[in-house]
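Participant: Just dropping this structure here.
What follows draws every value from the coordinates through simple rules; no lab data is involved. Note that the structure is a prediction, hence the values are computed from the model and not measured. FYI the Cβ positions are ideal-geometry reconstructions off the backbone, even for glycines, and counts take in every protein chain you see.
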Amino acid sequence: MVAAQEYMLHFFNKSPKLGRRHQNLLFEGATNCWQLQFLRKTGIICRIMKKYLSIGLSIFMLISAAIGAIFWAQAFYESIKNYQSPLVDTELLPQVSPLPKMGNVVVVLVGGLGYDALESLNLPAFQQLAQVGANAVIQSSAPSYSQIAQITLVTGASPETNGAPLFDKSLEDLSPIEIDTIFTRARQSQHKTAILGPAHWRRLIPGNYLDETFFVDTSGPEADQAIVEAALPILKDNNTGLVFIHLTQLDFAAKHQGGPSGNAYRLAAGNIDAYLSQISRATDTNRGALIILGDHGYTASGGYGGTELEIVRQPLVIVGQNIIPGSYSDVSHIDIAPTISALLGAVPPTATQGRILFEMLRLNEQNQTIAQLTLTQQRIALAQAYLTKIKNPTTSLPDTLSTDLARAQTAFAQNNISGAFQLARLTQEAADSQMIITRYNRIRSEQVSRLLVVGAILSIWFIVMWRQRGPYLGLIIVAAIATIGLYHTLYRIQGYSYSISDLNNFAELPFDIARRTAVSMLAGGGLILILLMLVNEENWVTLLAAGYGFGVLVTFVFALPLFWAFWQNGFIITWYLPAVNPVFWQITAFFEVMIAAILGFLLPWPIMFLNLLVNLVRHRLDETTPRPEPDALPGLHL
């Protein structure tokens with residue numbers, strides 16, 4: 001182009017007869033020609049960039065998804081492991097109870113005993129105790145793992161506020177419960193206390209609150225036999241105000257020997273029933289109470305921790321002179337601790353969120369009102385501390401709560417017992433409502449801002465995928481649907497349910513998901529390969545783009561639960577416990593996205609090469625196949 005311009009200048013100098021106008025026109029033509037060539041080259045570069053942009057962008061999205069899922073999973077795991085109650089470092093002062101002691105209390109916790117499992121078990125001693133005492137169904141809440149369920153029973157605080165580990169920890173990783181328990185309140189009321197059971201209780205309950213202990217390092221029939229043999233002398237002595245006995249073999253059989261429908265479970269239940277008979281005979285129920293209950297049940301496959309009815313429903317039986325026999329409506333697991341405290345004549349634990357089961361207790365109206373007034377005082381103090389923690393330090397409860405409590409106390413002093421009881425109970429329920437409403441409002445306000453973020457990210461992702469769509473969008477969608485469908489079909493064939501109860505073996509979980517995702521992705525990739533072969537696509541860039549489009553779309557679908565979980569609960573667990581269903585989908589989606597993104601990055605290349613190879617073989621076969629010669633005289637056949 002430079003040479004052309006020099007030639008034109010030379011021509012102008014040698015042609016003085018040409019007019020200046022003609023010279024300008026010729027020069028402008030040369031300049032326009034140069035600009036045209038520049039634009040043509042720029043257009044070629046743009047077409048090349050556009051040609052490979054889709055592939056590069058897909059690779060970037062897949063790598064980002066894999067790395068993001070890895071780091072997010074690590075942060076989420078750390079938040080689970082290090083979760084602390086919003087009431088941590090909050091000092092709640094106990095009240096002084098003027099209640100009389102109703103006798104000693106013996107609590108028998110049968111680990112792994114669900115209410116639904118009772119129908120298939122032969123437990124004559126248990127059934128007899130249920131007939132002569134009060135019986136009901138305990139409704140617990142998820143997560144319903146062993147340690148968190150047990151700590152809920154002895155504190156009366158919900159899993160969100162009792163500070164228990166969200167998943168069962170090893171003995172070495174456990175630390176003492178930081179909030180009040182029934183053992184603390186019993187000791188304050190001058191009762192002797194005892195725990196007999198697995199060794200994790202040694203780590204959970206500080207020893208200075210216990211007078212008698214017996215711990216076993218294993219679970220099973222031998223452990224239970226040792227526990228009962230150590231408990232019987234304490235029960236016969238009848239000098240210990242609170243005895244807590246934890247039997248383990250039913251839980252062991254459900255976890256390790258075939259679930260609640262196995263023979264080992266039924267055999268363990270028979271042994272437990274025999275121990276219950278011994279314990280009931282050794283307990284003086286004329287001067288105390290015997291409480292028998294479970295911590296959680298199991299699914300048919302041996303899973304636990306989720307929200308299935310067979311897990312969150314446990315039996316409750318209370319037998320004693322001061323217990324009103326009969327069948328009662330369902331109670332909550334947070335109701336057990338304040339009820340035990342009332343039987344001991346002690347104040348409820350300071351973080352209790354349940355109620356006293358007055359309908360089961362032989363308490364006169366005056367003592368009922370005293371117990372309710374004490375519980376209301378505790379609940380107002382708890383609600384104030386909770387609001388201060390999750391809202392701001394200057395937040396205070398409505399003055400009406402303190403006013404109503406004072407009115408209830410005045411009514412009691414004026415011998416208006418019934419009115420004082422009703423007003424105290426309503427005030428306690430109002431304090432509970434303040435906690436629930438404040439929690440709900442803060443969660444909703446945080447979810448609104450996160451929803452905007454999720455909407456923006458999903459919109460950008462969708463727009464990018466739509467703008468980069470290729471000629472085989474329908475084919476990619478069909479393969480992606482087949483891949484996701486196959487993944488969930490394999491999941492169900494393996495006997496899993498969509499519940500956190502099936503995530504108990506965390507060591508095998510990543511490999512299990514990886515195998516399932518890999519099989520599904522390879523099947524979807526094979527479908528892409530076959531369909532591309534059928535359409536005889538020969539452009540390697542188009543083949544790669546189709547493969548990467550498939551990988552991005554599948555990864556996007558697997559990532560959708562992560563967006564849902566982020567909207568519901570945030571990036572990690574912070575000040576409140578999320579619902580377990582989003583957590584289940586979030587945990588599985590972490591591994592699904594990792595594997596899908598990695599395979600989505602690698603899979604397009606073999607798809608492309610195999611297509612090109614098939615096309616090459618097809619062309620060679622066409623070239624080597626002899627073609628029939630045309631007839632010399634078309635239409636003439638002899």
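Participant: For the stretch 79-124, enumerate the residues that are in a helix (DSSP H, G or I) and either among the basic types (K, R) or farther than 20 Å from E178 by Cα (or both). Walk me through how you get there before you give the answer.
Facilitator: First, pick out the residues of the stretch 79-124 that are in a helix (DSSP H, G or I): 79-81, 116-120, 124.
Scanning the stretch 79-124 gives K81, D116, A117, L118, E119, S120, P124.
Participant: Would you check if there is a residue in the stretch 163-173 being closer than 20 Å to N208 by Cα and out of contact with any Lys or Arg (no Cβ under 9 Å at 6 or more places or on another chain)?
Facilitator: Yes, that holds for at least one residue.
Participant: Follow-up. Across the stretch 587-618, what is the number of residues that are of a type in the set (S, T, N, Q) and crowded, with 21+ Cβ neighbours inside 10 Å?
Facilitator: Looking only at the stretch 587-618, we keep the residues that are of a type in the set (S, T, N, Q), and these are 588, 611, 615.
Going one step further and asking which of them are crowded, with 21+ Cβ neighbours inside 10 Å, we end up with 588, 611.
Number satisfying all stated conditions: 2.
Participant: Right, here's the next one. Quick one: which helices (runs of 4 or more DSSP H) lie wholly within the stretch 308-401 and hold at least 1 residues that are surrounded by fewer than 19 Cβ atoms within 10 Å (Cβ to Cβ) and more than 30 Å from the chain's Cα centre (by Cα)?
Facilitator: Details: elements: 309-312, 336-344, 365-390.
Filter on the stretch 308-401 gives 365-390.
Participant: Here's another thing I want to ask about it. With a cut-off of at least 1 residues that are more than 24 Å from Q353 (Cα to Cα), among the aliphatic types (A, V, I, L, M) and in contact with a helix residue (DSSP H, G or I) (Cβ under 7 Å, 6 or more places away or on another chain), name the helices (runs of 4 or more DSSP H) lying wholly within the stretch 180-251. Quick ask: steps written out before the conclusion?
Facilitator: Values: elements: 182-188, 200-204, 221-237.
In the stretch 180-251, the matching helices (runs of 4 or more DSSP H) lie at 221-237.
Participant: Still on this model: Over 30 Å from D512 (Cβ atoms) and within 23 Å of the chain's Cα centre (by Cα): which single residue out of Y440, Y487 fits that description? Don't jump to the end; show me each part of the working.
Facilitator: Details: Y487 fails: over 30 Å from D512 (Cβ atoms).
Checking each option against the conditions leaves just Y440.
Participant: Okay, moving on. Taking the residues in the stretch 501-518 that are part of a helix (DSSP H, G or I) and touching a residue at least 40 places away in the same chain (Cβ under 8 Å) as candidates, determine which candidate is farthest from I598 (Cα to Cα). Please lay out each step first, then the result.
Facilitator: Step one: list which residues in the stretch 501-518 are part of a helix (DSSP H, G or I), which gives 501-502, 509-518.
Narrowing further to those that are touching a residue at least 40 places away in the same chain (Cβ under 8 Å): 501-502, 509-510, 513-514, 517-518.
On the way: S501: 28, D502: 25, L509: 18, P510: 14, I513: 14, A514: 11, T517: 11, A518: 10 Å.
Per the criteria, the residue is S501.
Conditions tested, residue by residue: (1) more than 25 Å from R187 (Cα to Cα); (2) of a type in the set (D, E, K, R); (3) without any contact (Cβ under 8 Å) to a residue 40 or more places away in the chain.
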position: H296; (1), (2), (3): yes, no, no
position: R313; (1), (2), (3): yes, yes, no
position: L316; (1), (2), (3): no, no, no
position: S327; (1), (2), (3): yes, no, no
position: A385; (1), (2), (3): no, no, no
